[in-house]
Amino acid sequence: MKNSFVELHARERALSLLDAGTSKEMVGPLDDMISPHLEPQNIVPESDDGIVLMKGKIDGNNVLVVSIEGKFQGGGIGEVSGAKIVAALEKALEDNKNGKTIYPIIILDTGGVRLQEANYGLLSISEIQNAVIALKKYVPVIGLVPGRVGSFGGMSITASILSYLIATNKARIALNGPEVIEQEAGVREFDSSDKDLIWNTLGTKQRLATGLVDEVVDDTVDNIKNSIVNEIKTKKDAHRTENVDFYLSLLDKLDLSKKLDIETYNKLYKSVEVTKHDIPEAVAGSKEGTKSRGRAWFEKMTGIKNATSPVSTVLHAQKDGKEYVAIVPDADNDFPRVRNGEVGLQEGFAVASVINKVVAEDKDKDVKRPIILIVDVPSQAYGYQEELIGIHVALGSSAAAYAKARQAGHPVIDFIPGDAVSGGFLAHGLQSNRMIALDDDSITIQAMSKASAARITQRTIAELEEATKHVPAMAYDIDNYEKLGALYKLVKGIGSWEATDENVAKINQIIDGAIDGLNGDRTLHFRYETPIAKESGRKATLKVRKLVDEQW
Amino acid sequence: MEKLHFNFDTTDAIAKPVHVGVVASGDLEVIFRPTDKKTEVNIVTGSDGFKEVWANVLKRFFDRYPIQANIEINDFGSTPGVVNLRLTQALEELKDEK
């Protein structure tokens, strides 16, 4: 096709947008910054790890273009690729803070987390989201989803946070790919061989009709460049992750007795009457809630027995000046895809509502209330209606709320007595800058279940398990996670289910220590600065950050 | 995945490093770097068992263009034709004065 943008590779895409002669690539193919995690798994690496960082001008404006190569490993984000994006966005933030305006443009052609570097991908993506939130105070952060891969996984959560999203009709946007939903929830939930259904649901035409993208343009370089120039001029912001009341009102009206179809949803979307939603504090109930590690610890830490809430899966309460938040399972939940404690539509929006309220209440206070996340999330919800409505926006809303709270000065502390998996963890946990976990081998911490990860990366489960031996980020247990250096503390000698008064006192002491040690830190840099991170866990990240800093 | 290594006795020095290509399915990336040592080619390929084919493709290339360079190739299952195309494309980049 003549003048097609979609058919270009990542580097050509960046170049095609920039005014001639203004481009400067940073940490490019000649800098030898390849992923150290692929060759040990017998995967061919790429010299730029699939990310092109280019500074230059568009129509005379200073811009940073971050272009993801969808053709290399599906545009997946690993340690090096993620660190390149984070480092460049943070330099752009620094420039903007110093009065030197530079507009970040992210070209998303990505499957999300690179499953071969799973936990690095999750960490990096949360760091990207954090940088985007910080940047949006100064400039719009512009997103472009040209397609073929489109935007999936954790990077769709990022897409929901961006100021303005431009797409072509060759792109799809979703959280979970249809193959993963089929793998996790069965073919009746989502038939991944039904291409029409997939495109009608996840294609950008439908996404435009329901507010998940802002503009769909025909695939030419000129069209796309014009749209970007126009956005730089007008600085529109979709505020996509700030429509919490809208979505909670919409969910109230959802008929969960039958399968949602596109036409019904589009009608519903247009007819929503927005009402204010406040999620009240959990109170003691008469009936025991569905058992989970998260619930056990929430009840002990807050002293609320059989805690219940109008949103049965989102528990929060204030205790001793701290706000505790937990997402818990409810075996009788009307939403079938979150009955095991997964983070779904209602969970994401409700948590965002809770956190936004805490931030608003403490707005004028000198000392902001600490927010303690009790993390026990087995995954995000895998479901058709979740994708149709836009579960990535739900998860983006809570991730954005936590990031804003931290950036406003609230200590945001994780206590991880249970699972911390994938989109669930991005929405509820990864925006924390001090993570405290129990050293219990029942805890799973990962980007995708083994069955799905094996299917997507076209390996057997045995091969996948072999890979985890060489690459700690691929593993599913907390001891390997510790090797990445992201944890503040791994607590030995307390089991996941042992939420006793004595143990709660111990954990509270560690939490208080973490809060005291913050010294005003509102960033996520702690993860790079622990002895383990420096020694091994984030070595490549630190090298990338140094290179970007030198070449900026 | 297989790693391959080749040496050639070529002596036409190149002036600057260049990079072309993408590690996409059926494609490869090629990096030429100037060197004053022996010409070296280091390949990481996703398709195992094609050492002889690589040797032939490279021999033909260096017979025609005896450049002295340190060459890195990351390959994701490209055919000999595509390999040759990327190598000559890198040569074109060398001539490019931009």
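Observations on the structure shown:
- B:Thr39 vs. criteria within 14 Å of chain A (Cβ to nearest Cβ), open to solvent by less than 60 Å² (accessible area, probe 1.4 Å), over 19 Å from A:Gly28 (Cα atoms) and modelled with pLDDT of 95 or more: no
- Count of the range A:320-363 residues which are crowded, with 21+ Cβ neighbours inside 10 Å, part of a strand (DSSP E or B) and not hydroxyl-bearing (Ser, Thr, Tyr): 5
- Some residue of the range A:352-373 being under 29 Å from A:Val187 (Cβ atoms) and assigned by TED's automatic domain parsing to the domain that holds A:Ser442: no
- Boolean, A:Thr110 is hydroxyl-bearing (Ser, Thr, Tyr) and over 23 Å from the mean Cα position of the chain (by Cα): no
Every residue, every condition in (1) within 17 Å of A:Asp419 (Cα to Cα); (2) among the charged types (D, E, K, R), yes or no:
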position: A:Gly294; (1), (2): yes, no
position: A:Lys300; (1), (2): no, yes
position: A:Pro329; (1), (2): yes, no
position: A:Asn356; (1), (2): no, no
position: A:Val359; (1), (2): no, no
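- Cβ separations smaller than 8 Å between residues 6+ apart or across chains give the following pairs from the range B:14-30 residues that are within 9 Å of chain A (Cβ to nearest Cβ) to residues that are assigned to a strand (DSSP E or B) and surrounded by fewer than 17 Cβ atoms within 10 Å (Cβ to Cβ): B:Pro17/B:Arg33; B:Pro17/B:Pro34.
- For the residues A:Ser257, A:Ser227, A:Ser271, the requirement of being assigned by TED's automatic domain parsing to the domain that holds A:Ala167 and not acidic (Asp, Glu) singles out A:Ser227.
- Applying the criterion of being crowded, with 24+ Cβ neighbours inside 10 Å and of a type outside the set (S, T, N, Q) to the residues of the range A:438-452, the residue that is nearest to the chain's Cα centre (by Cα) is A:Ala447.
- Number of positions in the range A:488-502 that are without any contact (Cβ under 8 Å) to a residue 60 or more places away in the chain and small (Gly, Ala, Ser): 2
- Every residue from the range A:494-513 that is within 28 Å of the chain's Cα centre (by Cα), among the polar types (S, T, N, Q) and part of a loop (DSSP other than H, G, I, E, B): A:Ser496
Conditions tested, residue by residue: (1) exposed (fewer than 15 other Cβ atoms within 10 Å of the Cβ); (2) within 30 Å of A:Glu299 (Cβ to Cβ); (3) β-branched (Val, Ile, Thr).
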site: A:Ile456; (1), (2), (3): no, no, yes
site: A:Ala462; (1), (2), (3): yes, no, no
site: A:Thr468; (1), (2), (3): no, no, yes
site: A:Gly485; (1), (2), (3): no, no, no
site: A:Leu490; (1), (2), (3): no, yes, no
site: A:Asn508; (1), (2), (3): no, yes, no
site: A:Tyr528; (1), (2), (3): no, no, no
site: A:Val548; (1), (2), (3): no, no, yes
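- Filtered residue count, the range A:72-81, keeping only those that are under 20 Å from A:Ala171 (Cα atoms) and either within 14 Å of chain B (Cβ to nearest Cβ) or not in a strand (DSSP E or B) (or both): 5
- Candidates A:Val491, A:Val421, A:Val471, filtered to the one that is of a type in the set (Val, Ile, Thr), more than 30 Å from A:Asp366 (Cβ to Cβ) and under 20 Å from the mean Cα position of the chain (by Cα): A:Val421
- Residue within the range A:82-99 that is within 13 Å of another protein chain (Cβ to nearest Cβ) and either buried (at least 22 other Cβ atoms within 10 Å of the Cβ) or modelled with pLDDT of 95 or more (or both) present: no
- Hits in the range A:492-503 - residues which are touching a helix residue (DSSP H, G or I) at 6+ places or on another chain (Cβ under 7 Å) and crowded, with 18+ Cβ neighbours inside 10 Å: A:Ile494, A:Ser496, A:Ala499
- Picking from residues in the range A:42-71 that are away from chain B (no Cβ under 14 Å) and of a type in the set (Val, Ile, Thr), the one that is surrounded by the fewest Cβ atoms within 10 Å (Cβ to Cβ) is A:Ile58.
- Selected residue (criterion: farthest from the other protein chains (Cβ to nearest Cβ)) from residues of the range B:44-90 that are part of a strand (DSSP E or B) and open to solvent by less than 20 Å² (accessible area, probe 1.4 Å): B:Ile67
- Condition met for A:Leu248 (hydrophobic (A, V, I, L, M, F, W, C) and farther than 20 Å from A:Ile161 by Cα): no
- Which listed residue is closer than 24 Å to A:Arg545 by Cα, within 14 Å of chain B (Cβ to nearest Cβ) and surrounded by fewer than 18 Cβ atoms within 10 Å (Cβ to Cβ), from A:Glu7, A:Glu39, A:Glu25: A:Glu39
- Qualifying residue in the range A:385-401 (condition: open to solvent by 10 Å² or more (accessible area, probe 1.4 Å) and either of a type outside the set (A, V, I, L, M, F, W, C) or closer than 30 Å to A:Gln206 by Cα (or both)): yes
- Looking across the range A:182-207 at every residue that is touching a residue at least 24 places away in the same chain (Cβ under 8 Å) and part of a loop (DSSP other than H, G, I, E, B), the one that is surrounded by the most Cβ atoms within 10 Å (Cβ to Cβ) is identified as A:Phe190.
The values are calculated or read from the model by the stated rules, or taken from the named source; none is laboratory data. Computed from a predicted structure; not experimentally measured. Here Cβ is always computed from backbone atoms with ideal geometry, including for glycine, and neighbour counts include all displayed protein chains. Keep in mind that these areas ignore ligands, DNA and RNA; they rest on the heavy atoms of the full protein, side chains included. Shrake-Rupley method; radii C 1.70, N 1.55, O 1.52, S 1.80 Å.
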